[in-house]
Amino acid sequence: MVGKGHLFRVQGPMGERVQIVGYAPSPKTVVFDLCEFFREWDPLFATTYGVGELLLEAVVRGGKHIVLVLPERHPLDGGMGLLEALGVRFFDAAGRELTGMGENLKRVASLDLSGILKKPQNVRVTLALGEERDEEALKLLCEDLFHFARLLFRFTGEQPPDVREVGGIGMGLGVVWGVHVTGREEMPCLSGLC
């Protein structure tokens, strides 16, 4: 399995089904280069649902260290889509269920965590981020992201990581599974990605 690419089929950021290759630089480690995956998306309507699907499938296939290589611009849905894939349900003030996307961050009034897949034992997730952040998307969704962070804290009791430091994926994932964040340059196995 080491050194081989393995195909994963998941939901893309705009709802389309896409294929992505996961690489295994060492036993039990799976690296996903999401730079091409997040090439085109809309800040308000993009979702990280497919990233949640990648995590689940990587764990099913025996991954113990999952590395997500993220481009400097990636959806800022607060990890709402990713959390939805892991079993969290989101509702607005009228009790209508919401899908995970940036546009819905401000509408979330409550969460249902009863179906969430807890982090499997001995699994570590690392986000390999570039140094720059998508300031334009952060400005557009700033208030909505902080609203969502407050709700995550209220319903989980866990303080979400700062979205400005870990991105939207890290914010949501950090609350339920924990996340290690590093720069791409600190991981030799990532040379040539992004």
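The values are calculated or read from the model by the stated rules, or taken from the named source; none is laboratory data. Here the structure is a predicted model, which means the values were calculated and not measured. Positions of Cβ are backbone-derived with ideal geometry, glycine not excepted, and every protein chain shown enters the neighbour counts. Surface accessibility is based on the protein's heavy atoms, side chains included, excluding ligands, DNA and RNA. Shrake-Rupley method; radii C 1.70, N 1.55, O 1.52, S 1.80 Å.
Of note:
- In region 2-25, the residues that are part of a loop (DSSP other than H, G, I, E, B), surrounded by fewer than 12 Cβ atoms within 10 Å (Cβ to Cβ) and touching a strand residue (DSSP E or B) at 6+ places or on another chain (Cβ under 9 Å): Val2, Gly3, Lys4
- Scanning region 65-83 for residues that are in contact with a strand residue (DSSP E or B) (Cβ under 7 Å, 6 or more places away or on another chain) and open to solvent by 10 Å² or more (accessible area, probe 1.4 Å) yields one hit, His65.
- Selection from region 87-98 of residues that are of a type in the set (D, E, K, R), open to solvent by 80 Å² or more (accessible area, probe 1.4 Å) and in a loop (DSSP other than H, G, I, E, B): Arg96
- For region 26-50, a residue qualifies if it is open to solvent by less than 60 Å² (accessible area, probe 1.4 Å), under 16 Å from His65 (Cβ atoms) and not aliphatic (A, V, I, L, M), and the qualifying residues are Ser26, Thr29, Phe32, Asp33.
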